[in-house]
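Here the structure comes first, spelled out in structure tokens, and everything after it is commentary.
The values are calculated or read from the model by the stated rules, or taken from the named source; none is laboratory data. Here the structure is a predicted model, which means the values were calculated and not measured. Positions of Cβ are backbone-derived with ideal geometry, glycine not excepted, and every protein chain shown enters the neighbour counts. SASA here: full protein model, heavy atoms, side chains in, ligands and nucleic acids out. Shrake-Rupley method; radii C 1.70, N 1.55, O 1.52, S 1.80 Å.
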Amino acid sequence: QVQLVESGGGLVQAGGSLRLSCAASGRTGINYGMGWFRQTPGKEREFVAAITMYTGQTYYGDSVKGRFTISRDNAKNTMYLLMNGLKPEDTAVYLCAGAYFIAGNYDRTDLTSYDYWGQGTQVTVSS
């Protein structure tokens with residue numbers, strides 16, 4: 001029902017910045033929520049940030065709070081992640097996730113709350 005495509009990954013030096021984008025196509029609505037997770041081989045998928053598309057309420061993982069900023073453009077059905085002050089430990093495949101949060105309790109930091117996933121974009125931070 002929803003397709004997600006990430007872009008904007010690349011190679012940067014420590015302290016640099018990158019801006020990731022996730023474009024959603026399909027039947028998104030006011031109750032749609034989106035988020036970013038990252039995956040490093042050998043480690044569990046880690047929550048990065050999330051946003052409600054309707055209100056713009058944001059959530060951040062402790063490791064990125066103060067450095068990363070999540071935003072969205074509803075007219076473009078696109079979510080962004082501005083990553084400042086990048087560190088080598090930020091190196092990972094960054095995955096876009098989406099879901100319809102209609103009823104019940106949802107933990108937006110939990111990957112099991114999301115139903116749709118992009119293929120990911122590689123972010124590599126060199127030291």
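There is at least one residue in segment 46-64 that is touching a Gly at 6+ places or on another chain (Cβ under 8 Å) and of a type in the set (Asp, Glu).
Among the residues of segment 67-76, is any polar (S, T, N, Q), assigned to a strand (DSSP E or B) and under 15 Å from Leu4 (Cα atoms)? Reasoning before the result, please.
Applying the first criterion (polar (S, T, N, Q)) to segment 67-76 yields 69, 71, 74.
From the residues that got through so far, the ones that are assigned to a strand (DSSP E or B) too are 69, 71.
Narrowing the set further to residues that are under 15 Å from Leu4 (Cα atoms) leaves none.
No, every residue in segment 67-76 fails to be polar (S, T, N, Q), assigned to a strand (DSSP E or B) and under 15 Å from Leu4 (Cα atoms).
Here is a check on your reading of the model: is Thr109 at negative phi, in contact (Cβ under 8 Å) with a residue 24 or more places away in the chain and buried (at least 19 other Cβ atoms within 10 Å of the Cβ)? Answer is no for this residue.
Quick test for you: out of Leu4, Leu20, pick the one residue that is under 30 Å from Ser127 (Cβ atoms) and either open to solvent by less than 50 Å² (accessible area, probe 1.4 Å) or not in a loop (DSSP other than H, G, I, E, B) (or both). Write out each step before concluding.
Numbers: Leu4 fails: under 30 Å from Ser127 (Cβ atoms).
Among Leu4, Leu20, only Leu20 is under 30 Å from Ser127 (Cβ atoms) and either open to solvent by less than 50 Å² (accessible area, probe 1.4 Å) or not in a loop (DSSP other than H, G, I, E, B) (or both).
Matching residues to (1) surrounded by 16 or more Cβ atoms within 10 Å (Cβ to Cβ); (2) among the aliphatic types (A, V, I, L, M):
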| position | (1), (2) |
| --- | --- |
| Arg67 | no, no |
| Ile70 | yes, yes |
| Asp73 | no, no |
| Asn77 | yes, no |
| Leu86 | yes, yes |
| Leu95 | yes, yes |
| Phe101 | yes, no |
| Asn105 | no, no |
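Going residue by residue through segment 102-118, is there one that turns out to be among the basic types (Lys, Arg) and either in contact with a Leu (Cβ under 7 Å, 6 or more places away or on another chain) or over 20 Å from Val5 (Cα atoms) (or both)? No, because not a single residue in segment 102-118 is among the basic types (Lys, Arg) and either in contact with a Leu (Cβ under 7 Å, 6 or more places away or on another chain) or over 20 Å from Val5 (Cα atoms) (or both). Taking first residues from segment 55-67 that are within 19 Å of Gly16 (Cα to Cα) and partners that are in a loop (DSSP other than H, G, I, E, B) and open to solvent by less than 80 Å² (accessible area, probe 1.4 Å), the Cβ contacts under 7 Å between residues at least 6 apart in sequence or on separate chains come to Arg67/Asn84; Arg67/Gly85. Among the residues of this structure, Arg38 counts as one that is of a type in the set (Lys, Arg) and either in contact with a Lys or Arg (Cβ under 8 Å, 6 or more places away or on another chain) or buried (at least 17 other Cβ atoms within 10 Å of the Cβ) (or both).
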